[in-house]
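Contents: one structure, followed by commentary.
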Amino acid sequence: MTRLTERLLDSTHFKRRKATKDTKRKIDGWEIWECADPAFSYDYDRTVTMYVHKGAAVLTFADGEAVDIQAGDTLTVQAGAIASWVISEPICNSYMYHDTFMSATKRAEQVRWQDR
């Protein structure tokens with residue numbers, strides 16, 4: 001049970017988890033993002049999930065809520081959130097916007113197929 005709750009943190013703006021083997025399998029094919037800038041701000045117009053391959057950072061949201069991320073974490077940030085990043089170790093993430101998940105595409109194709 002510890003494995004499922006390790007690094008578990010939920011908020012209005014985000015969900016952080018320690019990645020499982022299944023999660024690591026699913027990120028194959030996701031885009032890679034690397035950054036060594038010490039600080040920047042980002043407005044999330046779409047919900048995104050990222051897996052941290054290496055590095056560490058703290059994201060502080062507009063309401064003051066903060067979350068740290070490190071290698072092995074997954075973080076989902078909700079659309080509409082604004083976060084300031086402070087990167088303590090150059091970071092490398094795989095990421096995928098939720099509206100581009102393959103399952104969403106397949107689901108839409110199934111809906112259109114039913115309408116034929």
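The values are calculated or read from the model by the stated rules, or taken from the named source; none is laboratory data. Everything numeric here is computed off the predicted structure, so don't read it as measured data. SASA here: full protein model, heavy atoms, side chains in, ligands and nucleic acids out. Shrake-Rupley method; radii C 1.70, N 1.55, O 1.52, S 1.80 Å.
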ask   = Taking the stated definitions as given, is Glu109 over 14 Å from the mean Cα position of the chain (by Cα) and either at pLDDT below 95 or not in a strand (DSSP E or B) (or both)?
value = yes
key: Checking Thr23 against (1) open to solvent by less than 60 Å² (accessible area, probe 1.4 Å); (2) at pLDDT below 95; (3) closer than 22 Å to Glu89 by Cα, the condition it does not meet   = (3)
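Scan region 55-63 and give yes if some residue there is β-branched (Val, Ile, Thr) and in a loop (DSSP other than H, G, I, E, B), otherwise no.
First, pick out the residues of region 55-63 that are β-branched (Val, Ile, Thr): 58, 60.
After this cut, where a residue has to be in a loop (DSSP other than H, G, I, E, B) as well, the list is none.
Checking region 55-63: not a single residue is β-branched (Val, Ile, Thr) and in a loop (DSSP other than H, G, I, E, B).
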